[in-house]
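Worksheet: the structure to be examined is printed underneath.
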Ligand code: FES
């Protein structure tokens, strides 16, 4: 699999570290997450230690290192969102999908995680689905959103 990523990386110039984020985005768009062999291939290609890649990628909430569901929910657990009820959103999401943070629903459609501040605190509480923000989320809007995604 690492060889596949070597081919994938050839569209970027070798050794150019400034391409790390675009490469990670490209791989996640293609695979839905960043597989471990991809990290090893990027490390070699850009001449960056793998540990540095993990640390840069985890700084950005958008990157995942495990496969998620078709729809991946990120519930903000930043202070602003907590004050405005993100725990209620997380609890309702768990109830509706029957999963906890870090899990994937049995049908493979949904996964969820708690993430640090998503950077749009004025819209709290914020939910992100596959990178798209849903501001000022409420339990009833969440239910509608899940029904919409299920019927999509
Ligand atoms: S605290 Fe949730 S977006 Fe900042």
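Scanning region 128-148 for residues that are more than 16 Å from residue 99 (Cα to Cα) and part of a strand (DSSP E or B), we see that the one that is farthest from the chain's Cα centre (by Cα) is 134. Filter region 93-119 down to the residues that are within 16 Å of the ligand (Cβ to nearest atom), in a loop (DSSP other than H, G, I, E, B) and in contact with a helix residue (DSSP H, G or I) (Cβ under 9 Å, 6 or more places away or on another chain) and list them by number. Of everything in region 93-119, those that are within 16 Å of the ligand (Cβ to nearest atom), in a loop (DSSP other than H, G, I, E, B) and in contact with a helix residue (DSSP H, G or I) (Cβ under 9 Å, 6 or more places away or on another chain) turn out to be 101, 117, 118.
Only one entry in 85, 108, 119, 80 is on the phi > 0 side of the Ramachandran plot, surrounded by fewer than 19 Cβ atoms within 10 Å (Cβ to Cβ) and either over 19 Å from the mean Cα position of the chain (by Cα) or touching a residue at least 40 places away in the same chain (Cβ under 8 Å) (or both), namely 85.
Read the figures in this text as sums done on the coordinates, not as results from a lab. Since this is a predicted model, take the numbers as computed values, not measurements. Here Cβ is always computed from backbone atoms with ideal geometry, including for glycine, and neighbour counts include all displayed protein chains.
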